[in-house]
Amino acid sequence: MSTHASPPAAPAPLPELPERVEPEALRELDDAALEAVAAGLTAAERATSQAMAPYERQLRELRARGAELATERRRRERAERHAQRIEVRRQAGSGEMPTLADALAAAEPALPAERSLREVRAFLTTGGEVGFGYPNKPGFVGFTDGRRTAQAGTVGEARRLWADGWEPGAPGVPGVRVHLAGTRIEKVVAADGIVVQTVEGGTPEAPET
């Protein structure tokens with residue numbers, strides 16, 4: 001298939017505008033002359049619409065092709081997200097990615113103590129990626145001892161609170177508050193309902209087929 005585009009066709013010339021009649025002059029015209037001015041404007045408008053028709057058809061075609069391209073992009077994004085969820089579930093089931101509870105309780109830290117929780121990749125065990133905390137205040141996990149509350153912003157702070165017997169959540173509201181990545185949708189999930197990525201890298205790769 002040739003990659004050389006055809007030169008664009010020369011645009012059709014615009015139809016000439018009827019001579020303008022000043023508002024003061026319109027007052028002097030009789031009904032027949034006024035109708036003649038109106039007929040001239042109508043004819044010019046029709047001719048202009050006809051001249052624009054090829055451009056409007058091309059715009060519609062370009063928009064349709066753009067919509068088809070957007071559809072293919074969505075298809076690929078959805079397939080990628082689906083494959084990612086499957087891979088997260090596989091890694092969670094195999095122990096490759098520990099649950100948050102296991103990561104907090106582990107004798108040997110799975111992540112550096114100074115690592116900000118905002119930088120920790122976390123996923124629901126069902127596969128969706130999440131961020132810790134509220135969408136407008138991400139990167140924190142709340143803990144409680146039943147009466148008091150504290151906010152952990154790093155892995156080390158979260159592990160220290162866990163080691164002191166504190167539980168994720170607030171008095172009467174147990175669980176880790178997270179938001180779905182890239183959204184403002186929040187939910188509270190048990191610490192064993194979240195897995196964390198403990199190796200450097202990007203999104204968990206889909207299994208090869």
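Ranked highest first by the average count of other Cβ atoms within 10 Å around their residues, in what order do 137-145, 69-77 fall? Show your work: numbers first, answer last.
Numbers: 137-145: 18.7, 69-77: 9.9.
In decreasing order of mean packing, 137-145, 69-77 become 137-145, 69-77.
To the nearest 20 Debye, how big is the dipole of region 97-196 about its Cα centre, given +1 on the beta carbon of each Lys and Arg and -1 on that of each Asp and Glu? Each step should come with its number before you reach the end.
Details: 11 positive and 11 negative charges, 73 e Å.
For this selection, approximately 360 debye.
Every number in this text was worked out from the coordinates using simple rules, so none of it is lab data. All figures in this text were calculated on a predicted structure; none of them were measured in a lab. Cβ: placed from backbone, ideal geometry, glycine included. Neighbour counts: every protein chain shown.
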